[in-house]
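Beneath this line is the structure, given in structure tokens, with notes to follow.
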Amino acid sequence: MVSVEQVEGRTDYPFLRQNSGSDQSKDHQVTLKGVKIHLYKLGIIAKGNGACGCFPCTATDSQSLLDSVLLSQWEDRAWKGQLKYDVTTCQTKVINGEKKFVVQLNERWNSLFLEEFENSFLQPLGPISSNHIKSHKENVLFCVSQGEKESSEVVLSTMLPKDGILIIANANPVEYGHVFLVPYNINRLPLFLDKKMVELILRTAVEVNSSSFHVFFDSIISNRSDHIIFQASYFANPLPVELFPTVPVYADTHRTGIHICEVADYPLKTLVFMSNNLNSLSNIITEICSNLRDHGSAFNLLITDCGTKIFLFPQVQSVIMDRPISTWECGGYFVYGTKFGFDNASETEILKRMASVSLDDSSFQSLKHLCCSIAVNLFL
Amino acid sequence: MGSNSVRDRLVDQSLTSRYSQWVLEALDELEDPFLITDPAIAGHPIVFASRGFLAMTGYAFGEVLGRNGRIFQGPATDRRSVMEIREAIREERTVQISILNYRKDGTPHWILFHMCPIFGAEDGRVLHFVAVQVPISKRRSRCGVERCGAVLGTCREEVRLDKDLDCSHHAREVFVDMDSRGLEAKEPQMAGDQEKEKAANAINCILSALNRYSKMTGRVVCGKRCGSAGSGVASLPSSLNISLGRIKQSFVLTDPHSPDMPIVYASDAFLSLTGYSRQEVLGRNCRFLNGPGTDYEVLKEIKKSIHGQQSCTVRLLNYRKDGSSFRNLLHISPVRNASGKIAFYVCVQMDESSKNIDNGLSPEMWQLGAVGAVKVAVRSLSSSAGPSRPSQ
């Protein structure tokens, strides 16, 4: 039930005049008044086969606009001292061994940062309201949403659109530029990884157009709250998993443009989905992830190569670890909170940790079958 | 006008300034297809393409000069191979892989790509990358259908067994695709010994030509990194050069570990803004931009921030090479590498009178965007790749 009168006939709230049929949204309409935010409006991609029209990490010869916006806002908060620490002061090194895992010494590391963010920023129920934004005003960097023009544009200090992705600085970063990406819709709670959301996340990665930009998703965390939270950070060197050889599992170059491979010689059984066709990629990932969630399976997603490559790390409950591993850990990047741990980090120990959360051969085989049959049946 | 023609000139002179004009003739005599690229120019462009290469791909010289090598990649090019090449560039080493490239008319073809860096003998810096591209002759794919079957084996069985999935139609479509002629080119072709030998020979010929002609200018090159850390300005790894080349704002990197904090990198936009050439600024402290109207208090503030390893934004009057002045909105920030130690300071300049930001960003955002990009790029360097050993 929409009550337009409450908005006092202001013409700048056209997006609120919609039927939503829920009391919740009626409350939320008025609470979004007065929230000003920087907005990045994505240009419209030509309808057709849904191809995003760019090659993986074309890394055009200049920094993209979205990259500038994100980095500038992050650097601004870092400079103003709104982050708990300067992550670039943390020492990193490559561990001896053939896997070339990377470890970081971060004595200020807060392994509960995600849970704390969830608790402080997101209410247990209800779509995003302006209370969310006001409480975290300093660290909300900007918002990404679909625009109406052909080319993308930046609008400073404007109204929050009815749906989009909030980009929020992580005060406990794992690397430079670590942000939360929180998809939202003022009218309803997000459904688990629906296609539109995945597409918007992929489009953001495509638009940032930086080979350093990595997007993460931990399904385990998302199961606990009603909100879907993605994260992203800049790793200028590829994560170790990106350098491992792959074995092809499925390829359909003509219809969907999807290639599925398995990562070889890696302690955690991993699949990689690649496609230049954004529509195909978001379709297949959404379906596979829904399927996994329906079966109660935990997994992590790593999006690289400017939104054209997605690593799927399925995880099982480990017998030696008390918590699931985060996505960058799946990728081979580990943070140690103590100098002792950092100095004594060894490839053997890390291999054991990763292997303990990995699927076994037969489960992985089933997963491959599942992915192939979803791919074959993919409706575009 | 402006930085574009400067860049064009850099591309044109990239080889002749190092190896003398006669090198072009010598390279023209070599039959094999190859490219030479210059990582120090923004965009890592092609500075030379052999006649053999142009014949093989159907391009004209002017169509590839100044472009980046990715223009020869296409939809079916294996992304892993692209990444391997990128990694080899980043690590400044040789790479030899089979990769699918595209000719000007859009047809794909398999080549053996053999690339190696050329180092300056006196400072160990990578000056150019030479990439030989030997076409791989089509073999009877002994695999053909079976290979497709093997690749899709896992799914094919599943598809047949699971009656609920009405996908046999689609499955057949996929197999048909894999069998079609258009895809034959996309079957990975492995290079044989013959091709590998051809590539190695070609590289040697090019290398010896470059070495011979470099002696004429007195600035010798070699195929292996000889000495490093010579006198004068320390050199940046080519991967950092390439990353920094993507940043369009005016900025410089200075080295706090060398005496008098010299400039070790200057963006094209900085040179445009100040009117100096790259040779005129590298190795010098930024103070040459100051002049009679520069506020001494502001300079003290800058010094204080740097001493405290803090970032700062200041406004001061600076001077171009021709003596004209401009109000400079200057942001300075320490930049750390993978070891966590400060490797450089980045100084981003903006002429306050010019209204040239048309992308919707505020001047501060535009500057900080450059700072962030520099920090991401430098964070990838381990301390040994930095110009000198940090003392902290």
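Numbers at a glance
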read-out	value
Alpha-carbon centroids, segment A:59-121 and segment B:45-74: separation in whole Å	39 Å
Whole-Å distance, taken between Cα centres, linking segment B:246-308 and segment A:258-290	46 Å
Amide proton proximity set for A:LYS100, modelled H, under 5 Å, gap of 5+	none
Cα gyration tensor shape of segment B:238-380, rounded if a/c is under 1.5, else prolate or oblate by comparing a/b with b/c	rounded
Shape call, segment A:248-303: gyration tensor on alpha carbons, a/c limit 1.5	oblate
In Hz, Karplus ³J(HN,Hα) per residue of segment A:196-204 (6.51, -1.76, 1.60; θ = phi - 60°; x = Gly, Pro)	5, 5, 4, 4, 5, 5, 5, 4, 4
Trypsin sites (Lys or Arg not before Pro) lying in DSSP loop within segment B:260-365, provided at most 10 other Cβ fall within 10 Å	B:LYS355
Of A:PRO324, A:CYS306, A:VAL357, farthest towards positive along the dipole that unit charges on Lys, Arg, Asp, Glu beta carbons give segment A:281-369	A:CYS306
Segment B:238-380, dipole about Cα centre (Lys/Arg Cβ +1, Asp/Glu Cβ -1), debye to the nearest 20	320 debye
Relative contact order (percent, whole number), segment B:324-367, Cα cutoff 8 Å, 6+ residue spacing	37 percent
Residue exposure sequence - B:VAL298, B:VAL335, B:VAL378 - by fewest surrounding Cβ within 10 Å	B:VAL298, B:VAL335, B:VAL378
5 angstrom amide H check on B:SER250, placed H, neighbours 5+ away	B:GLN349
Cβ charges +1 (Lys, Arg) and -1 (Asp, Glu), total dipole of segment A:235-346, debye	100 debye
Selection from B:LEU273, B:MET350, B:PRO334, by position along the positive dipole direction of segment B:238-380 (Cβ)	B:PRO334
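Every number here is computed from the coordinates shown, using simple stated rules; none is lab data. Since this is a predicted model, take the numbers as computed values, not measurements. Every residue, glycine as well, gets a Cβ built from its backbone with ideal geometry; the counts of neighbours run over all protein chains shown.
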